[in-house]
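Trainee: Please find one structure pasted underneath; my questions will follow.
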Amino acid sequence: MQIIGLTMHRLKQRIKKALIPRNKLLVFNFHQSTPVFNSHKNDKYIWSDLEFFESQINYLKDNFEILRLDQAIRELRSGKLKRTMVSITFDDGDISVQDHVIPLLTKLNVPATFFINTSYLTTEQKGYWFNIYNYFNSDPEKRKKYLSEETKEIAGNLRNTNDPGYYLGNYKKIEVLSEFINKDTDFYLRLEFLKILNHELFTIGLHGHEHQRFSMMTKSWQKNDLLSNIEILSKFNIYTPIFAIPFGKPHDWNNDTLEVCKDLGLEVAFANGGYNVKNNFGILRIPVDGLDISRVLSSLHPFLKRYYY
Ligand SMILES: [Zn+2]
């Protein structure tokens, strides 16, 4: 019976593989990459060791054609895709993008697209509840001094609550701690840095002015936030009108988000896995921070769930 079970498993794997189309776009999603993990700034779920990241990029370079996401979308929508193509994306505009990722991609001559939150590049605010909480929580002394039981509970709930009233009533209780962060601590790249990027290799897109869960916000908040994000980024010649939804999972956006994007003429990108074929709505991205991409590819599934209305 065991042998039959094993054969069935292999057969299923083969059928699954055969059903994955050859002509598709794979979009990989990263956040942070540094040579050394820094617990004040890095989170293990969104971080890649730089050397490992380089090996992953070389694997992609050896096996696929890599395009900037805006170029890849054009090919995808035109129906001209004749093979599997790859795009590399980074979310948030983390400081490591400026310090390590872009220098490395430039050296390797590999294109990429970066989704940027603009609020923290143009104000004193050091970031949003997730990175601010991690900054204090990663140091026992700071944790004791600044984090109350209430803030710990809030931090645990914000990521997954489905109650907009709770989210709106609480996220600022963590974000106000920004003023106690050392002024020299930089979490994000500098706006001026975007001016000097190679426009052949790199484009920048939207990730919200603030990094909030759009599903928790009113429609007018969502629109105004995106308008601020667009106003700042569209001044750069490497700007492309694609919005990678912050967090990017199905419970992080709603119908209002899609309507606002439609009104503003934006392409929408998710971060919930899956590959892209000609007619899918929006752009599906696969989160791969710290992961072995060849293994991720062997787990591609042809019956993926579609997360749109
Ligand atoms: Zn993000």
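Trainee: Quick one: pull the percent of accessible area on the chain belonging to carbon and sulfur, 1.4 Å probe, ligands and nucleic acids left out.
Mentor: Working: 7960 of 15150 Å².
In the chain, the share of accessible area belonging to carbon and sulfur is 53 percent.
Trainee: For a quick check, take a GNM of the chain with Cα springs below 10 Å and name the residue from I154, I181, I15 with the largest mean-square fluctuation.
Mentor: I15
Trainee: Quick one: length gained pulling N160 to N237 fully straight, 0.36 nm per residue minus the C-alpha distance? Write out the running numbers ahead of the final one.
Mentor: Numbers: separation 77, 0.36 × 77 = 27.72 nm, distance 3.61 nm.
That pair, N160 and N237, stretches by 24.1 nm at full extension.
Trainee: Taking amide hydrogens as modeled 1.01 Å from N in the peptide plane, which residues meet the under 5 Å criterion relative to I204, leaving out close sequence neighbours?
Mentor: Sorted by chain and number, the residues that satisfy this are F114, Y239, T240.
Trainee: So, one more: Kindly report the accessible area of the chain per residue (heavy atoms of protein chains, probe 1.4 Å, no ligands, DNA or RNA), in Å².
Mentor: Numbers: 15150 Å² over 309 residues.
On a per-residue basis, the chain sits at 49 Å².
Trainee: For L6 paired with T122, estimate the spin-label separation in nm (one decimal), with each label point 7 Å from Cα along the Cα-to-Cβ line.
Mentor: Distance between label points: 6.1 nm.
Trainee: So, in nm, how far is label R190 from label N109 when the simple model puts each one 7 Å beyond its Cα toward the Cβ?
Mentor: Inter-label distance under the simple model: 3.0 nm.
Trainee: Lysines within cross-link reach of K24: Cα-Cα under 19 Å, excluding same-chain residues under 8 positions apart?
Mentor: Within reach: K16, K61, K80, K82, K278, K305.
Trainee: Another question, then. Counting only helical runs of four or more DSSP H residues, what would the 222 nm mean residue ellipticity of the chain come to if each run contributes -39,500 (n - 2.57) and the total is spread over all its residues? Spell out each step's value before the answer.
Mentor: On the way: 12 runs with 122 residues, N = 309.
Taking each H run of at least 4 residues, the total per residue is -11500 deg cm²/dmol.
Trainee: Between S299 and E65, take the C-beta separation as r, use R0 = 25 Å, and let me know the FRET efficiency to the nearest 0.05. Before the final figure, lay out each step's value.
Mentor: Numbers: r = 22 Å, r/R0 = 0.87.
Efficiency for this residue pair is about 0.70.
Trainee: Just P21, P140, P111 to compare: in a GNM of the chain, with alpha carbon springs under 10 Å, which one fluctuates most?
Mentor: Among P21, P140, P111, the largest mean-square fluctuation in the Gaussian network model of the chain belongs to P140.
The values are calculated or read from the model by the stated rules, or taken from the named source; none is laboratory data. Everything quoted here is computed from the prediction, not taken from an experiment. All Cβ positions, even for glycine, are placed from backbone atoms using ideal geometry, and neighbour counts span all protein chains on display. Side chains included, ligands, DNA and RNA excluded: accessible areas come from the protein's heavy atoms. Shrake-Rupley method; radii C 1.70, N 1.55, O 1.52, S 1.80 Å.
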